[in-house]
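One structure is given below, encoded as structure tokens.
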Amino acid sequence: MSNSEDATDGGTDHVLDRLFAVIESRRGADKNSSNTAKLFHKGTGKIAQKLGEEAVETVIEAVAGNDEAVIAESADLLYHLLVLWAARGIDPRLVWAALEARRGESGIAEKARRGED
């Protein structure tokens, strides 16, 4: 990852940061003008439902061994996750910071710290 893509630098050079900015720009737009505006209009529950659907579709394609479909469904999954964050007012930099804080920590240790099995 280049410095311009470093999740901790607060920049918007990463494709996910750029996509999030576009998603945010659709907030309050006419629901007939974009799918994102339509999702915002339907509310967090519908956005979360769509996120779940995309997650299931991604899993199905992975189990089926269809890599091209996994890529396409993963893009849909990430898009809907970003829409959910925007709807909830979650700045992606907070998620990037949470990921960065976990760097170098094993998943087992991280789960133990959170009290998970």
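Please treat every number below as a calculation from the coordinates, not as lab data. Predicted, not measured: the structure shown is a model, and the values here were computed from it. Here the Cβ is made from the backbone with ideal geometry for all residues, glycine too, and neighbour counts use every protein chain on show.
Observations, loosely collected:
- On Cα atoms only, tilt of 44-64 relative to the major axis of the chain in degrees: 60
- Within the chain, helix-based [θ] at 222 nm, where runs of 4 or more DSSP H residues each add -39,500 (n - 2.57), nearest 500: -22000 deg cm²/dmol
- The fewest-to-most ranking of Arg27, Arg103 by surrounding Cβ atoms within 10 Å reads Arg103, Arg27.
- When Rg and Dmax are taken over the Cα atoms of the chain, they come to 16.2, 47 Å.
- Loop-resident GluC sites (Glu not before Pro) (DSSP state other than H, G, I, E or B) in segment 70-117 with no more than 16 further Cβ atoms inside 10 Å of their Cβ: Glu105, Glu116.
- Degrees separating the helix 67-88 axis from the principal Cα axis of the chain, which is the longest one: 80
- Dipole orientation for the chain: of the candidates Gly43, Thr58, Leu99, Gly43 has the Cα lying most toward the positive pole (charges on Cβ; Lys, Arg +1; Asp, Glu -1).
- Helix 15-25 axis, angle to the chain major axis (alpha carbon atoms, nearest 10°): 40
- Counting only Cβ charges, +1 for Lys and Arg and -1 for Asp and Glu, the dipole size of the chain around its Cα centre is about 700 debye.
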